[in-house]
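Notes follow once the structure below has been shown.
What follows draws every value from the coordinates through simple rules; no lab data is involved. Keep in mind that what you see is a predicted model, and the values were worked out from it rather than measured. No Cβ is skipped: glycine too gets one built from the backbone with ideal geometry, and neighbour counts run over all protein chains shown.
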Amino acid sequence: MPPNGSSNQAPVIAAYNLAKTFGNTVALRDVSFEVRAGEIFGLLGPNGAGKTTTVRLLACLYEPTGGSGRVLGLDITDAGNAERIRERIGLLTESPGLYDRLNALEYLDFFGDLYGMAAADRRASAERLLKMLGIWERRTDRLARYSKGMKQKIAVARTLIHDPQVIFLDEPTSGLDPESAKVVRDYVLELKADKQRTFVLCTHNLAEAERLCDRIALINQGRVVALGTADELRARLAGGKERLCKLHVRERAAEMAEVVRRFAAVHPEVTGVEQAGDVITYSTTDAQKLNPLIIQTVVAAGGQIVALNQDEQSLENVYLELMHDSREAD
Ligand SMILES: Nc1ncnc2c1ncn2[C@@H]1O[C@H](COP(=O)(O)OP(=O)(O)OP(=O)(O)O)[C@@H](O)[C@H]1O
Ligand SMILES: [Mg+2]
């Protein structure tokens with residue numbers, strides 16, 4: 001039984017109980033997930049969680065100490081597959097070695113050549129990527145003279161030069177200004193939508209994970225501690241937890257706040273009723289059941305309701321809580 005998802009389609013990327021130790025350091029204990037074609041799968045977790053190690057194992061830069069994995073149908077534990085896998089993927093990893101003495105065009109040309117691309121295709125692909133990333137004007141500068149963000153852009157271009165089917169992006173927008181980060185994110189979404197490219201994306205940026213990733217694995221101390229869509233992760237935390245509700249009334253707010261207080265007196269799941277201006281706030285552990293009753297009660301008392309809002313659990317809260325829980329469990 002696959003660890004997640006019910007698709008009949010074979011996963012494009014799969015990790016099964018992957019583990020990796022370096023000497024005495026346990027980098028990865030147990031990481032499993034499957035990624036389907038055209039999916040953007042996020043790895044989210046604190047420093048040292050094992051995100052980069054996971055990606056490097058799948059890209060055949062390291063051999064796992066335990067577990068297995070497949071990329072494009074090829075077994076990553078079979079050393080004979082390493083080259084075939086590397087040819088067909090793009091890997092943006094932390095601090096990629098750049099050849100400082102080359103300029104951007106020479107550098108991309110070098111990698112395009114390694115991937116067996118024809119000269120004209122290499123040139124066309126490099127031009128398109130450099131223009132998109134806003135460094136075409138600097139194409140003949142040596143990389144040694146590039147700023148940090150420009151180096152990151154070149155690393156992104158190198159990852160995508162051969163239009164790979166499977167793309168591993170380890171913190172792709174790290175060091176990029178907001179506009180450039182958006183260009184990269186938009187391009188990722190375009191590659192997914194137009195070409196069904198499949199991604200694993202490591203990030204610390206929760207907003208980025210939420211915007212780009214179809215599903216997210218939260219990783220902590222070498223383990224997957226939660227896996228699902230951002231909505232599923234939020235729902236998982238919301239169950240039984242208090243949610244803050246805001247009831248906006250048109251007039252007689254103080255009187256309606258008293259109505260809600262009386263309701264709360266006989267419904268212990270409703271607490272902390274407050275009123276400020278036209279807004280009455282309260283907390284509840286069962287908004288699904290109680291909010292309709294509160295609305296009925298207020299309307300029956302002659303109140304006019306403008307809006308009722310429930311706070312959205314942010315992915316950041318989910319992240320912080322799950323990380324906290326998984327540390328306590330250890
Ligand atoms: N080559 C290596 N040699 C020894 N230990 C390593 C090596 N690579 C990673 N580790 C250790 O493995 C653990 C996981 O590291 P990894 O780089 O995978 O974390 P990460 O989730 O990518 O963190 P970050 O968010 O800081 O990039 C850390 O304890 C790290 O020190
Ligand atoms: Mg990392």
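From the Kirkwood radius over Cα pairs of the chain, Stokes-Einstein at 20 °C and 1.002 mPa s returns a whole-number translational diffusion coefficient of 95 µm²/s. Here the label points at GLU63 and GLU269, each 7 Å from Cα along the C-beta direction, are separated by 5.6 nm in the simple model. In this structure, the amide hydrogen of VAL225, modeled 1.01 Å from its nitrogen in the peptide plane, lies closer than 5 angstrom to those of LEU218, ILE219, ASN220, counting only residues at least 5 positions away or on a different chain.
Loop-located chymotrypsin sites (Phe, Trp or Tyr not before Pro) in the stretch 153-258 (DSSP state other than H, G, I, E, B) with a sparse environment of at most 12 neighbouring Cβ atoms within 10 Å are absent.
For the chain, what does the relative contact order come out to in percent, with C-alpha contacts under 8 Å and a separation of six or more? Don't skip to the answer; put the middle values down first.
Values: 577 pairs, mean separation 60.9, N = 330.
18 percent.
Modelled this way, with points 7 Å down the Cα-to-C-beta line, the labels at ALA124 and HIS324 are 5.4 nm from one another.
The stretch 83-117 and the stretch 238-315 have their alpha-carbon centroids 58 Å apart.
Multiplying the residue separation of LEU102 and LYS289 by 0.36 nm and removing their Cα-Cα distance gives an extension gain of 60.8 nm.
In the structure displayed, which of LYS151/LYS195; LYS241/LYS289; LYS131/LYS182; LYS246/LYS289 lie more than 20 Å apart, Cα to Cα?
Correct reply: LYS151/LYS195.
Over all directions, average the projected area of the Cα convex hull of the stretch 242-310 and note it in nm². That works out to 3.7 nm². Of all lysines in the structure, those lying under 23 Å Cα to Cα from LYS20, and not within fewer than 8 positions of it along the same chain, are LYS51. Please report the antiparallel percentage of the DSSP beta bridges confined to the stretch 13-236, to the nearest 5. Restricted to the stretch 13-236, the bridges split so that about 50 percent are antiparallel.
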